[in-house]
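Report on the structure given below.
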Amino acid sequence: MATDLERALSKLRFDDQVLGYSLMTKTGRPFVSFSFPDDLFPRVKDSITLYKSDLRLMTIDTEKGLVVLSPVDENWILTVLYVPELQLGLAIAKTKNVLRLLEGIELPPPPDDFEESAESNLQVLESIALEAASTASTEPVVDVTNSIENASYEPVAEVADTPAEAKTPADYNILPATIPKRGSTYSTALSLDSPLYKEMKSMYRNFGFDVLMLVDGTKSATQIADTMFQPNERVIELLKWAAGQSIVEVPEVVEVSQTADSKIGKFVKCPEFEGDISKIRGPDADIIRHCDGTKTTEEIAEAMNIPHAKVIQAIARNKKYGIKLIGKTV
Amino acid sequence: MAKIENPLLLSLYAQWVDGILAETDNIEDANERLRELGREMGSHIYLNTEIAEKTKDTVMTREDVSKLVETIYKVLFNKKPTDIDMKTARGSVRVTDDECVWCQDVTLEGMRGFGYCEGFSGIVEAILRFKGVEAEVFQESCRATGAGSCTWNIRL
């Protein structure tokens with residue numbers, strides 16, 4: 001949990017336009033901070049107290065830069081200080097990106113007493129989460145009416161119960177370079193009142209919607225992930241699920257070439273001569289004539305009934321006349 | 001015949017690649033095995049070279065990451081990468097090398113998706129980890145499989 005949180009926060013750390021950030025409690029106490037100016041905390045705290053539970057996304061213009069406040073959940077508020085020249089819209093978009101990363105992470109409430117802004121607080125948070133996990137026996141039940149449909153997406157154990165023709169996410173092979181297209185149920189998935197949308201929302205929250213919006217038949221999974229500032233795996237996982245629902249299509253050609261590509265046979269190296277055979281003297285020429293890029297050195301030796309070492313010698317001696325070793329799988 | 005830099009490294013690495021390809025039947029697995037090999041090499045490199053002292057203890061920004069990559073290049077290959085791109089993608093740093101050391105004189109056919117130089121991804125990943133940065137590094141294109149240059153993506 002703490003590593004996920006750290007990962008999300010490190011997005012801010014690596015952003016040139018972020019001057020500092022702080023994860024604060026709902027009472028406005030800084031819990032974990034990174035170069036956030038201390039003198040801004042009172043102002044931020046004032047704003048937090050002013051709005052209390054009504055706090056949505058809020059910006060404060062300060063002489064140090066633009067502060068964006070946003071509630072992460074009922075206990076936590078993320079506060080980010082951006083460079084003054086950054087456009088308001090961009091600052092908000094950046095903050096939302098990080099919030100999206102935080103969405104999947106269950107943050108426990110802050111401890112009653114802690115040292116403000118201490119780096120070690122992340123570990124404190126982690127231990128609280130571990131404790132909570134060991135005492136809480138049940139996961140919070142998600143209120144989904146179509147629980148039967150949902151069940152088919154539970155991991156492997158449930159897969160057996162689904163009808164044979166229903167494809168599971170595991171049936172799809174999506175690589176970072178795969179370009180997903182819009183599928184037959186694409187528009188249904190994006191209409192807010194459809195069951196498909198609700199199902200997606202219950203599983204992926206707004207992340208699903210955002211990824212699908214970027215599916216236009218030209219962007220690869222990596223490009224979508226890059227645009228959203230998200231790890232490839234997360235996007236691919238969603239796309240696999242979406243492919244199972246016909247929301248997106250993985251283009252036929254790519255799929256075919258991928259299965260061909262990702263399964264490989266035996267790796268061999270075959271010498272190929274591309275040059276003027278007349279330059280090669282003596283018995284070597286016979287050997288080099290066999291170097292047509294289809295036979296390995298062992299096969300050449302066998303075909304000519306000579307020792308393998310002889311073939312290697314001939315190739316090494318004449319490499320300068322244009323012999324390449326072509327690696328391939330057969 | 002092009003002059004080969006670092007023939008010892010090249011021969012050792014070629015042997016490893018052959019071995020890994022013989023043991024795996026899937027491109028993705030082979031890439032991951034090479035990265036894992038690189039990660040292990042990374043800790044040797046970190047201990048055996050001046051990278052640790054020539055770079056900042058904590059890497060905080062993309063500029064720091066870029067400088068670190070340049071140092072790795074200098075120490076390992078005594079050269080500079082062709083380009084380090086920090087601007088195009090917000091979450092990544094892309095390293096491009098038109099004359100990559102790892103796949104010199106290597107030609108692969110029909111092996112699209114295979115990163116011959118994934119070993120270097122693992123090395124960069126391991127060294128970044130020593131500097132406190134959890135990043136994922138993978139090779140995006142490789143000259144050995146026909147691309148114009150080798151590129152690595154450092155996902156921060």
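Out of (1) in a loop (DSSP other than H, G, I, E, B); (2) at pLDDT 90 or above; (3) closer than 25 Å to B:Ser43 by Cβ; (4) within 14 Å of chain A (Cβ to nearest Cβ), the odd one out for B:Ile154 is which? Here B:Ile154 clears every test but (1).
Every residue in segment B:129-153 that is touching a strand residue (DSSP E or B) at 6+ places or on another chain (Cβ under 9 Å) and of a type in the set (Lys, Arg), please. Hit for segment B:129-153 is B:Arg143, nothing else. Of the residues making up segment B:130-146, those that are within 12 Å of chain A (Cβ to nearest Cβ) and either open to solvent by 10 Å² or more (accessible area, probe 1.4 Å) or more than 19 Å from B:Val69 (Cα to Cα) (or both) are B:Gly132, B:Glu134, B:Glu136, B:Phe138, B:Gln139, B:Glu140, B:Ser141, B:Ala144, B:Thr145, B:Gly146. The residues of segment B:64-104 that are within 10 Å of chain A (Cβ to nearest Cβ), of a type outside the set (Lys, Arg), touching a helix residue (DSSP H, G or I) at 6+ places or on another chain (Cβ under 8 Å) and open to solvent by 20 Å² or more (accessible area, probe 1.4 Å) amount to a single one, B:Met86.
The set of residues in segment B:37-63 that are charged (D, E, K, R) and surrounded by fewer than 16 Cβ atoms within 10 Å (Cβ to Cβ) comprises B:Glu40, B:Glu50, B:Glu53, B:Lys54, B:Lys56, B:Asp57, B:Glu63. Restricting attention to segment A:279-311 and to residues that are among the basic types (Lys, Arg) and outside any helix (DSSP H, G or I), the residue that is least open to solvent (accessible area, probe 1.4 Å) turns out to be A:Lys295. Candidates A:Ser117, A:Ser47: the one that is in a loop (DSSP other than H, G, I, E, B), open to solvent by less than 70 Å² (accessible area, probe 1.4 Å) and closer than 15 Å to A:Ser22 by Cβ is A:Ser117.
Taking the criterion of being of a type outside the set (Asp, Glu), part of a loop (DSSP other than H, G, I, E, B) and either within 14 Å of chain B (Cβ to nearest Cβ) or exposed (fewer than 15 other Cβ atoms within 10 Å of the Cβ) (or both), the residues of segment A:180-220 that qualify are A:Ser184, A:Ser191, A:Leu192, A:Ser194, A:Arg205, A:Gly217, A:Thr218, A:Lys219, A:Ser220.
Filtering A:Asp4, A:Asp16, A:Asp39 for residues that are within 12 Å of chain B (Cβ to nearest Cβ) and either buried (at least 17 other Cβ atoms within 10 Å of the Cβ) or closer than 16 Å to A:Leu66 by Cα (or both) leaves a single hit, A:Asp16. Checked against (1) touching a strand residue (DSSP E or B) at 6+ places or on another chain (Cβ under 7 Å); (2) surrounded by 17 or more Cβ atoms within 10 Å (Cβ to Cβ), B:Ala126 passes all but a single condition, namely (1).
The values are calculated or read from the model by the stated rules, or taken from the named source; none is laboratory data. Keep in mind the model is a prediction, meaning the values are calculated, not measured. Positions of Cβ are generated from backbone atoms using ideal geometry, with glycine treated the same way; all protein chains shown enter the neighbour counts. We work out accessible area using only protein heavy atoms, side chains counted, and drop any ligands, DNA or RNA first. Shrake-Rupley method; radii C 1.70, N 1.55, O 1.52, S 1.80 Å.
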